[in-house]
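First up is the structure itself, then whatever we jot down about it.
The values are calculated or read from the model by the stated rules, or taken from the named source; none is laboratory data. These figures come from a predicted structure and were not determined experimentally. Cβ placement follows ideal geometry from the backbone for every residue including glycine, while neighbour counts extend to all protein chains displayed.
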There are 2 protein chains.
Amino acid sequence: MKSEPTVFLFFPFLLRLKLESTNLPILIHYTMRTSIRQYSSRPVEDDLLNELLAQAEQTQTMGNLQLYSVVVTRSDEMKQKLAPAHFNQPMVTGAPVVLTFCADYHRTTAWAQHRKGHPGYDNFLSYQNAATDALLFCQRFCDLAEAAGLGLCFLGTTVYQPAAIIRLLQLPQLVMPVATITLGWPAEHPNPSDRLPLSAIRHDETYQPVTAETIDRDYAAKEALPENLEFVRINQTETLAQIFTDIRYTAKDCQTLSTGLLEALRMQGFLD
Amino acid sequence: MKSEPTVFLFFPFLLRLKLESTNLPILIHYTMRTSIRQYSSRPVEDDLLNELLAQAEQTQTMGNLQLYSVVVTRSDEMKQKLAPAHFNQPMVTGAPVVLTFCADYHRTTAWAQHRKGHPGYDNFLSYQNAATDALLFCQRFCDLAEAAGLGLCFLGTTVYQPAAIIRLLQLPQLVMPVATITLGWPAEHPNPSDRLPLSAIRHDETYQPVTAETIDRDYAAKEALPENLEFVRINQTETLAQIFTDIRYTAKDCQTLSTGLLEALRMQGFLD
C-alpha cells in the first residue's frame, strides 16, 4: 500500500502478477464509492447483469450450497407494486432494475428431497446461515457492479415490511427477502459520505470499552461536519444522535417492526 | 462486458474514466477467487490491515451509522482459545490474523446516550440491521483484501457457538459475532470450487417454482463433477445432497444450534 502509484499495463494475463504486489488503483476506486439514487435512461443490458450475477456467485458460501436467490424486477408494474413496501423511496420506480436478494433454503431443501436426503432447515440457525450467504452475495454483486461503472442504492427497508415483499414476489417457504438494490447507470456523482475513524470500529484482541472519551474521540469530527450541522438544524434536534434515536429509528418503531419481522420469519418457516 | 480486452494505462487519475467504460480485468480477477486455508509465514502488516479496513468502511451502511465492529486477533494465546469455538479448524491457529466481524449497536447506543438521545435497539430488527451492516462490511473487506493479493477463509462456525466467542472477546450487550475471517498471504492456489448455473438462483419478476425438472437442470452438472463423485464415495452416501442433509448439517444439529444462537441473541439483548 505504501508503494507509489505506478503506470502499468493492465492486461488480463498480467493481472495476477500485479495483484500480488500492489493494487492501489482498485483501492482508490473503492474509496470513491457512494450510493447512487439517480439513474440515466441508459438500459442495464441483461447480458451484463447475468455476467455480474454469475461472477458474484464465486463468493464464499456455506458448504458451497449457495443459500440465496435473487429476484430481478424490470417491469414497471412490479416496481409500482414494490414501492410501498420500501416507503415509496423514488429509486424503486426510478431505477431500470430492482434486485431483491433472498435467503433461500427452499431450493436446497427441494434438491435434497429429490435426492433421498433428509433436510431439516426450518429453524433459526438455517435462516442465519442463508441470510449470511445472501448478504455476502449481495455485497459481492455490488462491488462488481460498481467496478463496472454502475450505480446502486441499498434499501434497508426490505426487512421492515417483509410480508408485502414475500407476497408480491411469491416467495415460497424457506425464502426470505433480506436486501434490495436499485441499479442503473449513474446520473449523479455525489460526494462520498463521511465515515468514523478506524478507532471506532477496530478492537484488538478483546472489545475495548466505549467511554465518554472514546465517543468524543470518534464522533467529534463527524458531528462538526457542515452537512451534519445542517442536518441537525433542519431536523430541529439538539444533537446529531437524536435525529437517529428520536426521529428516524425510534424505539417504538423498532419494536413494532421487530414483531413483523419475526412474524415473517415464522410464516416462511424459519422459526417455530 | 463484450468488449475485447484492451491494453490501457491504469493510472489513478485515469481510473474513473476507464471504470465507466469496461472493467474486464477486475472482473477476471474476481472470477478466480477461492478460499485460502494455507498461509505463508509472511506477516500481514498492520498498516495494510488498517488501510483495507478503512477503505471497507466506505461500503453502504444503515443511516450511515456503521452498526459493526471488528475484533482483530493476532496473539497466539487468543487464537488457541478461539479455536474450539470454530471446531478447531486449523486455519484459526494457522493464520497470521483472525478477524471477528460483529453486529454492533453498543457503540451507537452509547453515543446516543452521551448525546441526550433515546436509543431503543434491544430488539430483533436492530440485530437484523446490525448483522446486515456487519456482513456487508465483511464482504467488502474480503473483496479488498483479495484484490490486494491476500487469501482468506470465511468461517461459518461463528454463529454455531457464539456464547464462547462473546465471552472470549468480551463482547458487551448489543454486540454479536456474525462472521469470522482467517487472513494471510496464500501458501496454496486451489482451483475455484464449482457453482450452480445462473438459472438456479435468478428469478424474473416473481419466484419461479422449483421442480424435479429445474433441479435436474441446475444440479446435474454439479453432481457429475469428478470431485463430487469422489466426495460421495468417501462419505459413503448414495447422493451428494445426502452428505449435507444427513452428515454435515443435520436437522438435529441445526435445531440444537438454533437454540444456542437464539439464547446468545437474548443474552446480548437483541431478543426479549
Does any residue of the range A:8-28 turn out to be modelled with pLDDT of 95 or more and more than 19 Å from A:Phe154 (Cα to Cα)?
no
Which of the residues that make up the range A:36-52 are at the interface with chain B (Cβ under 10 Å from one of its Cβ atoms) and surrounded by fewer than 20 Cβ atoms within 10 Å (Cβ to Cβ)?
A:Glu45, A:Asp46, A:Asp47, A:Leu48, A:Asn50, A:Glu51
Over the range A:42-93, the set of residues touching a Phe, Trp or Tyr at 6+ places or on another chain (Cβ under 9 Å), more than 20 Å from A:Tyr105 (Cβ to Cβ) and of a type outside the set (Val, Ile, Thr) is A:Arg42, A:Pro43, A:Leu52, A:Gln55, A:Gln58, A:Ala85, A:His86, A:Phe87, A:Met91
Six or more apart or on different chains, Cβ atoms under 7 Å: show the pairs whose first residue is in the range B:248-259 and at the interface with chain A (Cβ under 7 Å from one of its Cβ atoms) and whose second is of a type in the set (Ser, Thr, Tyr) and part of a helix (DSSP H, G or I).
B:Cys254/A:Ser126
I'd like to verify a number: residues in the range A:159-175 that are under 22 Å from A:Glu57 (Cβ atoms) and at the interface with chain B (Cβ under 9 Å from one of its Cβ atoms), how many?
4
Of B:Arg37, B:Arg42, which residue is out of contact with any helix residue (DSSP H, G or I) (no Cβ under 6 Å at 6 or more places or on another chain), of a type in the set (Lys, Arg), modelled with pLDDT of 95 or more and in a loop (DSSP other than H, G, I, E, B)?
B:Arg42
Number of the condition not met by A:Ala110 [criteria: (1) in a helix (DSSP H, G or I); (2) within 10 Å of chain B (Cβ to nearest Cβ); (3) in contact (Cβ under 8 Å) with a residue 12 or more places away in the chain; (4) of a type in the set (Gly, Ala, Ser)]
(3)
Is at least one residue of the range A:74-90 surrounded by fewer than 24 Cβ atoms within 10 Å (Cβ to Cβ), part of a helix (DSSP H, G or I), at pLDDT 95 or above and within 7 Å of another protein chain (Cβ to nearest Cβ)?
yes
With respect to A:Thr182, is the statement that it is polar (S, T, N, Q), in the same structural domain as A:Gly94 (by TED's automatic domain parsing), touching a helix residue (DSSP H, G or I) at 6+ places or on another chain (Cβ under 9 Å) and on the phi < 0 side of the Ramachandran plot true?
yes
Criterion first (without any contact (Cβ under 8 Å) to a residue 12 or more places away in the chain and of a type in the set (A, V, I, L, M, F, W, C)) does B:Leu229 satisfy it?
yes
Determine if the range B:91-98 includes at least one residue that is more than 7 Å from every other protein chain (Cβ to nearest Cβ), farther than 20 Å from B:Ser40 by Cβ, at pLDDT 95 or above and in contact with a Pro (Cβ under 9 Å, 6 or more places away or on another chain).
no
Exactly one of A:Ala187, A:Ala241, A:Ala251, A:Ala179 is of a type in the set (Gly, Ala, Ser) and surrounded by fewer than 15 Cβ atoms within 10 Å (Cβ to Cβ), and that residue is A:Ala187
Report every pair of residues separated by at least 6 positions or lying on different chains whose Cβ atoms are under 6 Å apart, first residue within the range A:198-215 and in contact (Cβ under 8 Å) with a residue 12 or more places away in the chain, second surrounded by 17 or more Cβ atoms within 10 Å (Cβ to Cβ).
A:Ser199/A:Asp218; A:Ala200/A:Asp218
Could you grab me the full set of residues in the range A:194-239 that are assigned to a helix (DSSP H, G or I), within 7 Å of chain B (Cβ to nearest Cβ) and of a type outside the set (Phe, Trp, Tyr)?
A:Leu198, A:Ala200, A:Ile201, A:Ala212, A:Ile215
Determine, yes or no, whether B:Leu136 is in a helix (DSSP H, G or I) and either at the interface with chain A (Cβ under 8 Å from one of its Cβ atoms) or touching a residue at least 60 places away in the same chain (Cβ under 8 Å) (or both).
yes
Answer with yes or no whether A:Ile243 is of a type in the set (Val, Ile, Thr), facing chain B (nearest Cβ under 7 Å) and under 28 Å from B:Gly269 (Cβ atoms).
no
